[in-house]
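These notes are about the structure you will find just below.
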Amino acid sequence: MADHRETGVAGEFNLPRRSRFVSLVEMNDGEGALYDPRSGELYAMNSTALDVWAMCDGTHGLEAMVHELRDLYQLDDAASTRQDIEQTIRQFWDSGLLGDEPDGEARQSA
């Protein structure tokens, strides 16, 4: 299985996909947390990070994410938005929250 973290910036942002193991815990205030049962870690997220998380579905690349967040939050600075999204995705990768498998697809063992 490919490890996108080793491919540099282009690979990290190619079409990031949420790990099938990670669960979203939604809060009433528009914020939430991501829970990884493999590590037992709970990661608090603000609403913008959750929007990036939602777009890590294997179909959104970096530029699509920038476009959608700029529209959603009426942001003028594309470069700053891109940098914030890149940082968020790197944190997702570094925390093991992203993976290569489609949602719900179990790994097959021989």
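Taken together, the values in this text are just the output of simple stated rules run on the coordinates, not laboratory data. Just so we're clear, the structure is a prediction, and the values are computed from it rather than from any experiment. When we count neighbours, we look across all protein chains shown, and the Cβ atoms used for this are built from the backbone with ideal geometry, even at glycine.
Remark: the A33-R70 segment gains 11.0 nm on full extension, using 0.36 nm per residue and subtracting the alpha carbon distance. Footprinting exposure proxy ranking of H67, H60, fewest other C-beta atoms within 10 angstrom first, gives H67, H60. Across the range 63-68, rounded Karplus estimates of 3J(HN,Hα) from the backbone phi angles (6.51 cos²θ - 1.76 cosθ + 1.60, θ = phi - 60°) give 5, 5, 5, 4, 4, 5 Hz, Gly and Pro being marked x.
When Rg and Dmax are taken over the Cα atoms of the range 8-94, they come to 12.8, 39 Å. The string of couplings for the range 43-55 from the Karplus curve (6.51, -1.76, 1.60, θ = phi - 60°) is 10, 5, 10, 7, 5, 5, 4, 5, 5, 5, 4, 4, 7 Hz, one whole number per residue in order, with x for Gly and Pro.
As a proxy for reagent exposure, ranking L97, L15 by other Cβ atoms within 10 Å from fewest up yields L15, L97.
Amide H contacts for E41 (H built 1.01 Å from N in the peptide plane; partners 5 or more residues away or on another chain; cut-off under 5 Å): D36.
If only the Cβ of Lys and Arg carry +1 and only the Cβ of Asp and Glu carry -1, the dipole of the range 8-94 around its Cα centre is close to 400 debye.
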